[in-house]
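The values are calculated or read from the model by the stated rules, or taken from the named source; none is laboratory data. Quick caveat: nothing in here was measured; it's all calculated off a predicted structure. Note that each Cβ is placed from the backbone with ideal geometry, even for glycine, and that neighbours are counted across all protein chains shown.
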Amino acid sequence: MNPNGNAEVVSLLIPAKPEYIALGRLALTGILRPLDVEAEVVADVKLALTEACSNSIRHAYVDARGGGVEIRYELGEDRLSVEVSDEGGGFDASALQPGGDELDEGGLGIAIIRAVTDELEIGPRTAGPGSCLRFVKYLG
């Protein structure tokens, strides 16, 4: 949180390749380090970010044409919101609702994110084609 009370926002665009997920994790660590957040909370958020990015890389660009994954971190007074979006074909998020059969390939990642975060939204990007996954972790 900056001194004016506004949320701080950091955006990162990575190539849709697994080896670049580490950059997203490093940025996350840098954002949380000054706040002295509990190690377990940091580990949970890193796990959620890894799963979200992996899902985008695995499912959005199946035709191997490549693309990017955008990660947007928003640090508020008592929470961190992370948004992971891509320009892939999208998917039917209604199939991943709580209580459904989430243990197929890819669904387990969503179940993990849901388990380690406080809020989860999945849907289409607001502008253009693709998907957007947003999770929130309360820090206070």
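Observations, loosely collected:
- R33 vs. criteria within 14 Å of the chain's Cα centre (by Cα) and basic (K, R): no
Residues checked against (1) surrounded by fewer than 17 Cβ atoms within 10 Å (Cβ to Cβ); (2) touching a helix residue (DSSP H, G or I) at 6+ places or on another chain (Cβ under 9 Å):
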{"residue": "P18", "(1), (2)": "yes, yes"}
{"residue": "I21", "(1), (2)": "no, yes"}
{"residue": "P34", "(1), (2)": "yes, no"}
{"residue": "V45", "(1), (2)": "no, yes"}
{"residue": "L80", "(1), (2)": "no, yes"}
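- Applying the criterion of being modelled with pLDDT under 95 and aliphatic (A, V, I, L, M) to the residues of segment 51-73, the residue that is surrounded by the fewest Cβ atoms within 10 Å (Cβ to Cβ) is A64.
- Filter result for A39 (surrounded by fewer than 21 Cβ atoms within 10 Å (Cβ to Cβ) and free of Cβ contacts under 8 Å to residues at least 40 places away in the same chain): yes
- Failed criterion for G30 (all others in (1) assigned to a helix (DSSP H, G or I); (2) in contact (Cβ under 8 Å) with a residue 40 or more places away in the chain hold): (2)
- Scanning segment 117-132 for residues that are surrounded by fewer than 13 Cβ atoms within 10 Å (Cβ to Cβ), farther than 28 Å from A43 by Cβ and not aliphatic (A, V, I, L, M) turns up T126, G128, P129.
- Boolean, A52 is among the small types (G, A, S) and over 20 Å from L108 (Cα atoms): no
- From the list A48, A95, A43, the lone residue that is among the hydrophobic types (A, V, I, L, M, F, W, C) and at pLDDT below 90 is A95.
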